[in-house]
Amino acid sequence: MYCFTGGMVCTSAATECVAQHPDGPVLVTRNCVDPLYNKLVVDNETDLTTPVPHHRVSGHFQDTAIRFNFYLPPKQTWGGRFFQSAYPIQSEIADPDSVAFGADSGAYTVQVTGSDGYRTEAAAAKFSKIVAAQYYGEGSRRIYGYIYGASGGSYQAVAASENTIGVWDGAVPIVQAVPVSIPLNAAVQGLASLVLTGKSSSIADAVSPGGHGDPYRMLDEMESSVLLEATKMGLPLRAWEQPELIGASSLLTAFAGSVKKQDPAYANDFWSKSGYLGTEESALGDIIRAAKIEYVATILGVQCDDQNSPISVTLDRVPDISDSSVLEFQIQLMNGTMQTLLGSLNNTTHILKIAAQNGQDVLGALVEGLKVHVNNKWNIALHTFYRHQVPKHSGFYGFDQFRNARGQPIYPQRKVEIAPSISKKTSGGGTHTGLIKSKMIVVDGLLDIDAFPWHADWYKSQVQQSLSNRFGDNYRLWFIDNTDHGVVPETKARRIIDHTGIIQQALRDISLWAEQDIPAPDSTVYTVWDSQILPAKTASKRRGIQPVVDLTVNGRDRMTTKVGRLVAFHGNIQVPPGTGQVVSTEWDFLGTGNFTAAPFVPSGEAAHIDAVFSYGTPGTYFPILRATSQRNRSSAFAKAPAHPVEEFVDQLLGESRTVRVVLQDFTDFYNESHLPPGITGVDKARRIVESTQRSAPRT
């Protein structure tokens, strides 16, 4: 039953939602009631004017900590639909922009306190329809619903589409995670960053616009093998333009606990058994062992709270590392057993702050002079965890490099597959079968270092296999260039675009598709080369909805000019057919992330722009032309940005002070020069042929 304030029953149903098969996910239908989430109580209703006029209905699930909010725009602007964001740790308070976008799109907004799975989302979605029908006085009107979620939320959006009927009419997974993503992607980053830190600047120079294009040129055989391994695992090669961001993810540390709980012997095996890098006699093994921290510190003092309970200790020595979160601390109890001491270390003050999760036996043992064993053995061991997690199921082609000619893994495999268990838990039992029961548009970033782009391609094949001839009527995949995993921070502002407008357009397109049978724009056309997603060059061939920008300088793709001399830029912008028109262009000649709007000359679904600029100081510059397209120009939402990043490289010629202008087309980036050194002649040709055969174009 569903309950309003005061306990009034508004609806009830006899059919209980049940699993489709033993130990499988629960199938939630339009008419069934979830036994865990069948008591929703409205706490209050409020009329608000910001960010737009709307009526907010707030409530909670009885006997749970889960809350919900419905944001209903005025009846005259409501189009009979709702949009619902999902993320495991989100608040029930919707972002004001989401509320405003929903209202602008004729939708009310639903938001629920984050949790694993899709069942609370489904219960709230169904209840919102009852509330909306009563509020708008249209009890017989069909209400359409659309769920969307990024990263961990993509697990939920996919599970919602696969395991519900009649709850939502479409799903938009964003920067898609799949059953091999977490924590394996973070491990790939970790190993690559650890080994290649000393050569990261040369790699960045090679892959940056205007670079020579061969990131292996300055690497030795071992370093080349690590870069190639990471690339084949799906880490975007172009992401090395900002190498300081690779390996900076906290996901490896965040999910270390899951690995320890499910596979507690892994770290010990890594450092003691053959087949693991911790024992391997090689240059790479030497780097791994050199990165291991293991020493004993002494407690110099214990700080306590008012109840005389330890809250921190001061250590006599700390390791020289930038991230102390990778460390583990162990102490010996009075009974002689070793116990983990949970806490966070400040390297500057030498103070170890004690976590609240420590037991009294640990807290009672903390005295001045006690020895604390400090190490990072688990963290380092996790750097190659993905090698020992080769999926049992075929299709995850990034892992094929770890199989021999007979298809067997070349490294020892763990009994427990951690990534699928995390995926299944976050999905609420969903297993990414591809058997979607609503329409779906996946929005994925080509520079995503946390959710590798090829994972979305894998799921596309799952849907294609499951739906067969219904595939084209229900599924789209849009790859977005120059976009990463989420919100654009200052460190990425120069090279990364905000994909919010594209997500908004996806929600509008999927609603048109479901409600009016107007097909969404075509999927992006691309090929796969060693797990790297390569989109078609032109907008007409690439499809999707993102515009494609081509930029030249003085009519060429690279040039050298003197300081103070005018440089002429020419840009061509193409919009995929039928997806909108160019609405704005902006220049950032210095590559600092500060853009200035500039006029352009429209030409149907294309546009061109010309500009001149002079550089007064020698240096390295990354000028950017950013273009934005839009379908409905009267709306403030659903704008699709795109830009290439171009490079000016410092050059000093005799007494002349000059800057060298270098431009390179991102889409023409991958070629045989990107193979590691030592592969020449027939071997190089064979590698290229094998890559082509293994990575047939997917349209």
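Bear in mind that the values in this text are calculations on the coordinates, not laboratory data. Keep in mind that this is a model prediction, so the values were computed, not measured. Cβ placement follows ideal geometry from the backbone for every residue including glycine, while neighbour counts extend to all protein chains displayed.
Using 0.36 nm per residue and subtracting the Cα-Cα separation, the extra length available between Asp400 and Leu27 on full extension is 130.9 nm.
Spin-label model, Ser344 to Met222: label points 7 Å out along the Cα-to-beta-carbon direction sit 3.4 nm apart. Ordered from longest to shortest, the equivalent ellipsoid semi-axes for the stretch 327-445 are 41, 20, 14 Å, each the square root of 5 times a Cα gyration tensor eigenvalue. In terms of distances greater than 24 angstrom between alpha carbons, the cross-link table entries Lys437/Lys537; Lys39/Lys126; Lys232/Lys537; Lys377/Lys424; Lys199/Lys415; Lys260/Lys424 yield Lys437/Lys537; Lys377/Lys424; Lys199/Lys415.
Taking a sphere under 14 Å around the Cβ of Ser258 and counting the other residues whose Cβ falls inside, with K and R at +1 and D and E at -1, yields a net charge of +2. Taking the number of Cβ atoms within 10 Å of each Cβ as an exposure proxy, the fewest-first ranking of Thr538, Thr314 is Thr538, Thr314.
Summing charges over all other residues whose Cβ lies under 14 Å from the Cβ of Tyr144, with Lys and Arg as +1 and Asp and Glu as -1, gives +3.
Placing unit charges on the Cβ atoms only, positive for Lys and Arg and negative for Asp and Glu, gives the stretch 115-154 a dipole magnitude near 180 debye about its Cα centre.
Between Ala254 and Val302, the contour length at 0.36 nm per residue exceeds the Cα-Cα span by 14.5 nm. Once both labels are positioned 7 Å from their Cα atoms along Cα-to-Cβ, the gap between Ala291 and Arg565 label points is 4.6 nm. Ordering Leu467, Leu300, Leu191, Leu534 by the number of other Cβ atoms within 10 Å of each residue's own Cβ, fewest first, gives Leu300, Leu467, Leu534, Leu191. If R0 equals 30 Å, the separation of the Cβ atoms of Tyr411 and Asp323 corresponds to a calculated FRET efficiency of about 0.65.
Using just its DSSP H runs of length 4 or more, each adding -39500 (n - 2.57), the chain gives a mean residue ellipticity at 222 nm of -7000 deg cm²/dmol after division by all residues.
Entry for the chain at q = 0.07, 0.11 Å⁻¹: log10 I(q)/I(0) = -0.55, -1.26, Debye formula applied to identical alpha-carbon scatterers, no solvent contribution. For the pair Ile89 and Thr433 in one chain, pulling the backbone fully straight at 0.36 nm per residue adds 121.4 nm over the alpha carbon distance. Translational diffusion of the stretch 293-375, estimated by Stokes-Einstein from the Kirkwood radius over alpha carbon pairs at 10 °C in a medium of 1.306 mPa s, is 125 µm² per second.
What the Cα convex hull of the stretch 23-127 gives, in volume per residue, is 105 Å³. Taking other Cβ atoms within 10 Å as a rough exposure proxy, Met233, Met559 sort from fewest to most as Met559, Met233. A simple rule links phi to the HN-Hα coupling: the Karplus curve 6.51 cos²θ - 1.76 cosθ + 1.60 with θ = phi - 60°, which for the stretch 92-106 gives 6, 8, 6, 5, x, 5, 5, 5, 5, 5, x, 4, 5, 9, x Hz, with x for Gly and Pro. Projected over every direction and averaged, the convex hull enclosing the alpha-carbon atoms of the stretch 515-621 yields 9.8 nm².
Taking 7 Å steps out from each Cα toward its Cβ at Gln357 and Leu333 produces label points 1.7 nm apart. Could you give the distance between the Cα centres of the stretch 201-269 and the stretch 142-158, to the whole Å? A separation of 30 Å, based on Cα centres.
Using θ = phi - 60° in the Karplus curve 6.51 cos²θ - 1.76 cosθ + 1.60, the 3J(HN,Hα) couplings for the stretch 514-529 round to 6, 8, 10, 6, 9, x, 5, x, 4, 5, 5, 8, 7, 10, 10, 10 Hz; x is entered for Gly and Pro.
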